[in-house]
Amino acid sequence: MSVGWSKSVTSLNAATLDGATPGNREIAAATRGQFARVAGGDVEVDESFGSVEITDTAATSFTVRYDLAEPSWSDGIPVDAADLLLAWAAGSNAVAGSEFASVPSPLVHSGKVPEFDEFDRRIDVEYTRPVRDWHTALDVAVPAHVVGMLALGVEDPMEAKQAVVTAIDDGDPEALAAIAEVWNGGFDLESDGDDIPDELLVSSGPYRVESIEPGDSDGDRVRLVVNREYLGTPPPSYEHIELETGTPLDQLAEIGDDLGVAQFLPTAQNRELTRDLERRDHQVSTSGDGTVWALVVRVDRGVFSAHEARLAFLRAVPRSDLVTAGSGPWREAFKATDSLLFDPTAEGYSVAVEDVGLRETFGGGAADAAFERKRAGVPTGTPICVLYDTDEPFAAGAFATLQSAMAEDETGWQVRDCGTRNVQRSVREGTGWQAVLTRIPLPETARDLATQWGSQGDPLLSGSTSTKRDPLVDKYARTADKYDARESRVALEAQIVDEAVAVPLAVNPVVTVAARAVESVQPESGASATLLSGTGDWSPDE
């Protein structure tokens, strides 16, 4: 089957800082088994790969057991404790002499080599404190036997595994330096894509890479073939998957003929063709890209330094009208949301909506908003300079409606057009704006939450550094139980709403089209979501 995409592959290790690109993560989703993945803000465990369980709940010795089932690499070598230890060493950087350039991981809170059982294929990771993202902390990104062979010159794969285990367990600085060097860059690909060594193509997922043909700005052509050693469930139905490049319009035109699946951002240009495909019973679905459109006010200067003024302005915003105007012909794809912290598909979303009461806080209509403005002592006609990206159709449409609605409803606010083609530069360098209409990330991890809403994060949009949030952010990061964590997250959202720093509008969508002949294409939402993570579920319509 052929899938349309427009990405490039630069590395077969998507767990490095340089390797965690959208294209590399897509390939990893189809070629790497994992204990768990995040989907729409919720954790999905893959029991066919292994199990994850807390064995010690104590605050100072919080321990998690990562226990493999019986997965194998595509060359027939088992995935075992050596692979888990390598994943731990890379994510924690806790062993002296190692300098792994890994993406941020909760494993940084693990300071000593895990207990391991090579025969049972498991490790017990002891953390210095409880961590929220313990399910997904261990990323088995590359095979230990390949790393051992390349880094340490050991030819036999099982001996290479043992050499990696010994280096980590003994803390051998010379061997660890060599291992880290290979882990960091040994899986990077040459720009021409030719002659990729077979050992770099070893896979633990439903598919493995057979070939990569570098392309132009539209991306690389990639051929994935089924991994015969894969024992996960369900087993893949397609023998091979071709990732074909092209523009979204070209790919849409090929659905049902040369392409089985394509994913793209909705635009006015591709709406009619998508509608035609849907009317011919091809499957069209939408998911979130991990960001939410929001109107954020600047609280550290000017009129919005007063809480009452912020509340009065945000209550005057006709959120539904902004979404309708911004989304244009794609109104049904832009899902309205009442949360800044929960994806609408997440389990905790309904709880947050019920407990936080964002809709009630920022509701009331123009008359109430005008009364609130007067009570806050804000003069009629107070100008509000709103930043937005003039090249973004949603932002441009939503702003136009915001400006006209404020004028027509006589709320007393004078919304001024401060649109720009470079919002980030204006946010960082400009001081004349009071609000910005933009996309903000929906946090998935505890680190995301701290970066966006903690006082040590980046407060550039709102200028808000409320220390009242920090205890809630920290509590969430240290809470292992998902229900207790949800309560902390809901409490944090309530605090953000109480501060009146932003109102959410709609989740930014991604559209996926699957031909009639392809079943079970169900894309997930979120920043870490990938189209190819579901390839094992895809099947032909019989």
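The values are calculated or read from the model by the stated rules, or taken from the named source; none is laboratory data. Quantities reported herein were computed from a predicted structural model and do not represent experimental measurements. Neighbour counts are summed over all protein chains in view; Cβ atoms, including those assigned to glycine, are modelled from backbone coordinates with ideal geometry.
Listed values, structure above:
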read-out	value
Residue, modelled with the lowest pLDDT, within the range 214-240, restricted to residues that are surrounded by fewer than 23 Cβ atoms within 10 Å (Cβ to Cβ) and among the β-branched types (Val, Ile, Thr)	Thr233
Options Val503, Val497: the member that is within 19 Å of Thr345 (Cα to Cα), of a type in the set (Val, Ile, Thr) and more than 19 Å from the chain's Cα centre (by Cα)	Val503
Residue within the range 518-526 that is under 22 Å from Ala450 (Cα atoms) and either within 15 Å of the chain's Cα centre (by Cα) or modelled with pLDDT of 95 or more (or both) present	yes
Residues that are in contact with a strand residue (DSSP E or B) (Cβ under 7 Å, 6 or more places away or on another chain), among the small types (Gly, Ala, Ser) and within 15 Å of Val142 (Cα to Cα), drawn from the range 7-50	Ser11, Ala15, Gly19, Ala30
Scan of the range 372-383 for residues that are part of a helix (DSSP H, G or I), surrounded by 15 or more Cβ atoms within 10 Å (Cβ to Cβ) and out of contact with any Ser or Thr (no Cβ under 8 Å at 6 or more places or on another chain), ordered by number	Glu372
Any hit, the range 375-386, residues being modelled with pLDDT of 90 or more and touching a Pro at 6+ places or on another chain (Cβ under 9 Å)	no
Failed item, numbered, when Cys418 is tested on (1) touching a Leu at 6+ places or on another chain (Cβ under 6 Å); (2) under 30 Å from Gly41 (Cα atoms)	(2)
Complete set of residues in the range 51-71 that are crowded, with 19+ Cβ neighbours inside 10 Å, touching a residue at least 60 places away in the same chain (Cβ under 8 Å) and under 18 Å from Pro143 (Cα atoms)	Tyr66, Pro71
Count of the range 96-128 residues which are outside any loop (DSSP other than H, G, I, E, B) and β-branched (Val, Ile, Thr)	3
Out of Ala435, Ala480, Ala450, sole residue that is among the aliphatic types (A, V, I, L, M) and modelled with pLDDT under 95	Ala450
Residues (in contact (Cβ under 8 Å) with a residue 40 or more places away in the chain and more than 19 Å from Gln414 (Cα to Cα)) located in the range 296-323	Asp300, Val323
Only one of Leu437, Leu442 that is buried (at least 21 other Cβ atoms within 10 Å of the Cβ), in the same structural domain as Ala376 (by TED's automatic domain parsing) and in contact with a helix residue (DSSP H, G or I) (Cβ under 8 Å, 6 or more places away or on another chain)	Leu437
Conditions (1) buried (at least 23 other Cβ atoms within 10 Å of the Cβ); (2) farther than 25 Å from Trp413 by Cα; (3) not aliphatic (A, V, I, L, M): number failed by Trp293	(2)
Top-ranked residue of the range 165-183 - restricted to ones that are within 18 Å of Ala15 (Cα to Cα) and of a type in the set (Val, Ile, Thr), ranked as surrounded by the fewest Cβ atoms within 10 Å (Cβ to Cβ)	Val182
Output for the range 79-110, where each listed residue is in contact with a His (Cβ under 8 Å, 6 or more places away or on another chain) and on the phi > 0 side of the Ramachandran plot	none
Check on Phe399, closer than 16 Å to Val296 by Cα and either of a type outside the set (A, V, I, L, M) or surrounded by fewer than 21 Cβ atoms within 10 Å (Cβ to Cβ) (or both)	yes
Test: residue in the range 341-350 that is out of contact with any Gly (no Cβ under 9 Å at 6 or more places or on another chain) and among the hydrophobic types (A, V, I, L, M, F, W, C)	no
Selected residue (only one of Phe62, Phe100 is under 25 Å from the mean Cα position of the chain (by Cα) and at pLDDT 95 or above)	Phe100
In the range 105-150, residue surrounded by the fewest Cβ atoms within 10 Å (Cβ to Cβ) [restricted to those that are farther than 16 Å from Asp56 by Cα, under 24 Å from the mean Cα position of the chain (by Cα) and among the small types (Gly, Ala, Ser)]	Ser105
Residue match in the range 521-542 (condition: of a type in the set (Asp, Glu), assigned to a helix (DSSP H, G or I) and touching a residue at least 24 places away in the same chain (Cβ under 8 Å))	no
Residue satisfying all of: in the range 321-363; in a helix (DSSP H, G or I) and acidic (Asp, Glu); farthest from Ala494 (Cα to Cα) among these	Asp321
Whichever residue in the range 201-249 is assigned to a strand (DSSP E or B) and of a type in the set (Asp, Glu) and, among such residues, is nearest to Val140 (Cα to Cα)	Glu210
